[in-house]
Ligand SMILES: NC(=O)c1ccc[n+]([C@@H]2O[C@H](COP(=O)([O-])OP(=O)(O)OC[C@H]3O[C@@H](n4cnc5c(N)ncnc54)[C@H](OP(=O)(O)O)[C@@H]3O)[C@@H](O)[C@H]2O)c1
């Protein structure tokens, strides 16, 4: 496994990480534990979760339970902001909600520190300096080691970074947003901010929910037990003719080089110097092993140009 320093911090994260929004939903505790152990085996240290995953806390609870005795070998990233109750202060980025929720996440994760604490969504009702100030307090209290954000637009990210600079507060080291060979919106506004401020970009849904592994084929039945099985929304979003056209081009490219398309989707992201870890949501030990292999594949400039041609045909 390769390790990269996360943005302008000194933290070394594995180039392939693990996303955990299946834990406690489509995955029970036993399969969660197997996947997490296999990660360590493969050198994967970066685990991304959120308080809301698995239905208000289940993903964090499963991780906490599975990592008893080995917690220090992993870097735990979690998030706050999404709804954790029905009350007016049970969501968002206020001092109250963040201070309440960090304690709940620490308890569920069975740890006394979070490696990377991320603001999951923007909150237009809370001034950004209130949010950054409370995160800065949590860093000083040792409950949180680094801070990051997620789903911020380019201007919101810049506003947050300038708030930290001007108020002498801890700065975000990372932003997490959707990015894959099929979803490239962040290239316009967010990735340029990451380059300018040496921020780490953490792409979510890097395999387009599994589409970029080739498991869904044009005209074939949706394989049982997969994420898209029975999920009409995902099917109509991803299983389109133009996506299949791209998929077929990518499959050929990967096969000619003795790799899988899943490895290609991850290696393509890792080619971007702002991306230090790609968190794919593996649901089995086999998927963990396959995703880890991607870290070994370095695409050349010629490869990237050929891939641009395939992707731009979309
Ligand atoms: N910040 C945010 O707002 C946000 C939003 C979404 C996700 N995230 C984070 O980002 C992580 C990754 O997102 P995602 O789960 O949507 O990503 P993804 O990696 O694009 O999709 C995950 C799905 O891909 C399939 N998969 C993974 N590895 C595979 C392999 N080697 N072979 C075949 N299939 C494979 C699995 O499908 P099957 O289930 O069919 O096995 C899995 O459910 C999440 O887990 C979460 O931690 C963050």
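The numbers here are math on the coordinates, done by the rules we state, and not lab data. These figures come from a predicted structure and were not determined experimentally. Note: ideal-geometry Cβ built from the backbone for every residue, glycine included; neighbour counts use all protein chains shown.
List of remarks:
- Listed residues 130, 33, 61, most fluctuating in the chain (Gaussian network, C-alpha, under 10 Å): 130
- For the stretch 162-314, the alpha carbon positions stretch 56, 37, 31 Å along the principal axes, listed from largest to smallest.
- Computed over the stretch 1-154, the percent of Cα pairs more than 18 Å apart is 56.
- Degrees separating the helix 301-312 axis from the principal Cα axis of the chain, which is the longest one: 90
- Computed FRET value (nearest 0.05) for residue 258 with residue 3, which takes r as the C-beta separation and R₀ as 25 Å: 0.50
- For a label point 7 Å along the Cα-to-beta-carbon line of residue 188, residues of the stretch 142-171 with backbone N under 14 Å: 153-155
- Residue-span extension gain [residue 153 to residue 100] - 0.36 nm each, minus C-alpha spacing: 16.5 nm
- Helical mean residue ellipticity (222 nm; -39500 (n - 2.57) per DSSP H run of 4+; nearest 500) of the chain: -13000 deg cm²/dmol
- Seen from every direction in turn and averaged, the convex hull around the alpha carbons of the stretch 141-186 projects onto 3.9 nm².
- Average Cα contact separation per residue, the stretch 88-234, under 8 Å, 6 or more apart, as relative contact order %: 17
- Stretchable slack from residue 168 to residue 141, in nm (0.36 nm times residue separation minus alpha-carbon distance): 8.1 nm
- Whole-number percent relative contact order across the chain, with pairs defined as alpha carbons under 8 Å at least 6 apart: 20
- Overall Cα dimensions of the chain - principal axes, largest extent first, Å: 52, 42, 35
- The label-point distance for residue 198 and residue 86, in a model that sets each label 7 Å from Cα toward Cβ, rounds to 4.9 nm.
- Spin-label pair residue 71/residue 130, simplified geometry with 7 Å Cα→Cβ offset, distance in nm: 3.0
- Overall size of the stretch 69-116 from C-alpha positions, given as principal axis extents largest first: 37, 16, 14 Å.
- Normalised convex hull volume, the stretch 38-89, alpha-carbon set, Å³ per residue: 81
- Of the residues 211, 62, 121, the one that moves most in a GNM of the chain with alpha-carbon contacts below 10 Å is 121.
- Degrees, to the nearest 10: 95-109 long Cα axis against longest axis of the chain: 60
- Spin-label pair residue 309-residue 29: with each label point 7 Å from Cα along the Cα-Cβ axis, the two points sit 5.4 nm from one another.
- Cα-based helix-to-principal-axis angle, 128-140 vs the chain, degrees rounded to 10: 80
- Cα centroid separation, the stretch 99-127 to the stretch 143-208: 17 Å.
- Exposure proxy ranking for 29, 146, based on other Cβ atoms within 10 angstrom of each Cβ and starting from the fewest, stands as 29, 146.
- GNM flexibility winner over the chain from 222, 47, 173 (Cα, springs under 10 Å): 222
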